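First up is the structure itself, then whatever we jot down about it.
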Amino acid sequence: MKIRSVNLSGLTQIMHRGELVSTGIFKKPVEDAVAVGRCQIAGDKQADLVNHGGVDKAVYGYPWEHYAHWAAELGKDDFTVGQFGENLTTEGVLESELSIGDRLRIGSVVLEVSQPRQPCFKLGVAMKLPGFPKLFMKSGLVGFYFRVLEEGTLQQGDAITLVPTDQERVTVQEINHLRFFDNRNLPEIERVLANTALSASWRKAFEDFLANRR
């Protein structure tokens with residue numbers, strides 16, 4: 001397991017429905033070591049600080065393995081690393097294997113899996129396919145957000161050491177499916193809420209499901 005690429009961006013102005021919108025989705029690879037803080041990687045920018053960045057979504061990872069899937073699915077061969085807006089392009093860790101609360105040591109940084117990604121329209125802009133966010137969600141190949149437990153530095157090529165959680169195991173794939181495709185499954189919702197590493201926003205969403213259906 002390793003980091004194939006570290007990807008950062010400044011802010012870019014795009015036109016969306018007749019309005020200029022700021023975005024940090026156009027990530028580009030960097031080769032030097034980067035400093036990772038509690039809320040983001042140094043040098044990386046997020047335009048929408050309500051839905052991006054912050055303690056629970058400080059770093060976003062996406063598996064390199066999915067690039068081949070999308071190339072075949074979309075009939076495209078022009079992807080560049082960072083295509084999906086990820087900070088870390090990973091090798092050897094997948095949504096079907098990573099659980100909420102799993103910890104990854106990379107360089108001198110320790111990250112903790114906090115939630116899956118829920119994309120906005122800007123991913124469609126980056127892919128030049130307005131309908132792509134829905135396809136992305138349906139696939140389950142959504143990547144994973146991390147909170148930063150130990151600040152430090154990491155860089156391209158660093159090995160990933162995985163420390164599994166000792167909490168209730170629920171994979172990124174399972175919890176993504178539960179929220180968006182099986183959210184009437186109250187016993188399973190109660191089970192995943194036992195995992196205290198789940199991000200605050202996702203915890204609230206599941207608590208609301210329970211409150212509205214009891």
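Brief remarks on what is shown
- Long-range neighbours under 7 Å by Cβ, at least six apart or interchain, first residue assigned to a strand (DSSP E or B) and at pLDDT 95 or above within the stretch 155-166, second surrounded by 12 or more Cβ atoms within 10 Å (Cβ to Cβ) and among the hydroxyl-bearing types (Ser, Thr, Tyr): 160/90
- Number of positions in the stretch 138-154 that are surrounded by 19 or more Cβ atoms within 10 Å (Cβ to Cβ) and either over 11 Å from the mean Cα position of the chain (by Cα) or under 18 Å from residue 24 (Cα atoms) (or both): 7
- Count of the stretch 29-55 residues, restricted to those that are acidic (Asp, Glu) and either in contact with a Leu (Cβ under 8 Å, 6 or more places away or on another chain) or over 22 Å from residue 2 (Cα atoms) (or both), is 2.
- Filter result for residue 106 (more than 20 Å from residue 177 (Cα to Cα) and modelled with pLDDT of 95 or more): yes
- Hits in the stretch 69-99 - residues which are closer than 20 Å to residue 8 by Cβ, of a type in the set (A, V, I, L, M, F, W, C) and either without any contact (Cβ under 8 Å) to a residue 40 or more places away in the chain or loosely packed, with under 13 Cβ neighbours inside 10 Å (or both): 79
- Complete set of residues in the stretch 155-169 that are touching a Lys or Arg at 6+ places or on another chain (Cβ under 7 Å) and either surrounded by fewer than 18 Cβ atoms within 10 Å (Cβ to Cβ) or farther than 26 Å from residue 37 by Cα (or both): 157, 159, 161, 163, 168
- Residue count for the stretch 48-82 under the criterion of being part of a loop (DSSP other than H, G, I, E, B) and within 16 Å of the chain's Cα centre (by Cα): the result is 14.
- Restricting the stretch 1-35 to residues that are among the aliphatic types (A, V, I, L, M) and outside any strand (DSSP E or B) leaves a set whose member that is nearest to residue 94 (Cα to Cα) is 1.
- For the stretch 121-136, the criterion of a residue being within 20 Å of residue 8 (Cα to Cα) and among the small types (Gly, Ala, Ser) is satisfied by at least one position.
- Just so you know, in the stretch 170-190 the residues that are of a type in the set (A, V, I, L, M) and either surrounded by 15 or more Cβ atoms within 10 Å (Cβ to Cβ) or touching a Phe, Trp or Tyr at 6+ places or on another chain (Cβ under 6 Å) (or both) include one that is nearest to residue 107 (Cα to Cα), and it is 172.
- Complete set of residues in the stretch 83-94 that are under 21 Å from residue 53 (Cβ atoms) and either among the aliphatic types (A, V, I, L, M) or within 12 Å of the chain's Cα centre (by Cα) (or both): 84, 85, 86, 87, 88, 89, 90
- Taking residues in the stretch 44-62 that are under 21 Å from residue 95 (Cα atoms), and partners anywhere that are among the basic types (Lys, Arg) and assigned to a loop (DSSP other than H, G, I, E, B), the pairs with Cβ atoms closer than 7 Å and at least 6 places apart or on different chains are 55/38; 58/38; 60/117.
- Condition broken by residue 191, with the remaining ones in (1) in contact (Cβ under 8 Å) with a residue 60 or more places away in the chain; (2) out of contact with any Pro (no Cβ under 7 Å at 6 or more places or on another chain) satisfied: (1)
- Checking each residue in the stretch 178-203 for being within 21 Å of the chain's Cα centre (by Cα) and outside any helix (DSSP H, G or I) picks out 182, 183, 193, 195, 196, 197, 198, 199.
The values are calculated or read from the model by the stated rules, or taken from the named source; none is laboratory data. A quick note: this is a predicted structure, and the numbers were derived from the prediction, not measured. Because the Cβ atoms are built from the backbone with ideal geometry, glycine has one as well, and the counts that use them run over all protein chains shown.
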